[in-house]
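Before any comments, here is the structure.
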Amino acid sequence: MALIAPSVLSADFGNLRHDIEMMNHSECDWLHLDVMDGVFVPNISFGFPVMKAMAAHSTKPLDVHLMIVQPEKFIREVKALGAKVMNVHYEACTHLHRVVQQIKAEGMMAGVTLNPHTPVSCLEDIIVDLDLVMLMSVNPGFGGQRFIEHSVEKTQRLRRLIDTTGSKALIEIDGGVNRETGARLVAAGADVLVAGSAIFGAADPVAEVAALRAL
Ligand code: DX5
Ligand code: ZN
């Protein structure tokens with residue numbers, strides 16, 4: 001069993017309130033918000049004014065995934081949303097240790113995200129400080145992409161790193177997650193699954209959340 005974090009990136013942007021309220025009535029654990037800046041990733045999604053409106057309608061804890069350069073500039077803004085988790089990319093932070101401490105000082109869970117090409121071993125010297133590690137199982141920037149198979153083995157390696165160091169970090173996986181890939185990720189040691197197109201593209205998104213949660 002894993003926690004489920006539906007990604008609003010695949011929701012109906014013309015009817016966000018409807019889709020967020022639908023997730024409020026589902027068994028999902030967190031609501032995943034993808035922020036893109038057109039620099040760190042080749043796409044732009046939404047920013048703080050839109051997230052503020054979404055936060056007002058959500059009864060679920062917010063998991064904010066910042067696909068932006070210099071995410072440390074926005075720690076206060078993410079906190080002001082009432083976010084539970086702030087996910088920053090390893091590749092976007094020169095002084096990652098400082099950023100992690102600043103996120104924790106604001107009372108949020110500090111999550112570090114790795115792009116598909118970044119090895120788990122890069123986290124050896126910071127893993128005990130982290131509340132969460134998120135592995136990208138697609139190249140970030142778009143919903144609905146094909147799952148990168150290597151991510152299953154990478155999840156196992158991260159599980160070993162966490163268990164052998166005594167870290168309490170949760171393992172979250174983002175990209176191409178559906179019932180089939182999700183089952184293998186849970187078996188590999190994942191604690192949290194993000195799913196966008198698999199949930200919002202389903203005929204019954206609420207039932208899809210329940211199915212993923214039961215994996
Ligand atoms: C991709 C985002 C993901 C995305 C996942 O850059 O970080 O959260 O919404 O979408 P699916 O589940 O459709 O791959
Ligand atoms: Zn994401």
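This table checks each residue for (1) closer than 28 Å to Phe200 by Cα; (2) touching a Phe, Trp or Tyr at 6+ places or on another chain (Cβ under 9 Å); (3) more than 16 Å from ligand 2 (Cβ to nearest atom); (4) of a type in the set (Phe, Trp, Tyr).
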| residue | (1), (2), (3), (4) |
| --- | --- |
| Leu81 | yes, yes, no, no |
| Cys93 | no, no, yes, no |
| His97 | no, no, yes, no |
| Val112 | yes, yes, no, no |
| Cys122 | no, yes, yes, no |
| Ile127 | no, no, yes, no |
| Arg160 | no, no, yes, no |
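Exactly one residue out of Val209, Val177 is within 14 Å of the chain's Cα centre (by Cα), under 27 Å from Asn24 (Cβ atoms) and either surrounded by fewer than 17 Cβ atoms within 10 Å (Cβ to Cβ) or not small (Gly, Ala, Ser) (or both), and it is Val177. Condition check: in contact (Cβ under 8 Å) with a residue 12 or more places away in the chain and over 13 Å from the mean Cα position of the chain (by Cα). Does Asp125 satisfy that? Against the criterion (in contact (Cβ under 8 Å) with a residue 12 or more places away in the chain and over 13 Å from the mean Cα position of the chain (by Cα)), Asp125 does not qualify.
In this structure, Thr165 does not satisfy being modelled with pLDDT of 95 or more, within 16 Å of ligand 1 (Cβ to nearest atom), in contact with a helix residue (DSSP H, G or I) (Cβ under 8 Å, 6 or more places away or on another chain) and over 23 Å from Gly14 (Cα atoms).
Within segment 142-155, the set of residues being surrounded by fewer than 17 Cβ atoms within 10 Å (Cβ to Cβ) and either away from ligand 2 (no atom under 16 Å from the Cβ) or charged (D, E, K, R) (or both) comprises Arg146, Glu149, His150, Glu153. Quick one: would you say Asp63 is in contact (Cβ under 8 Å) with a residue 60 or more places away in the chain and closer than 24 Å to Ala187 by Cα? The answer is yes for Asp63.
The values are calculated or read from the model by the stated rules, or taken from the named source; none is laboratory data. Note that this is a predicted model, so its numbers are computed, not measured. FYI the Cβ positions are ideal-geometry reconstructions off the backbone, even for glycines, and counts take in every protein chain you see.
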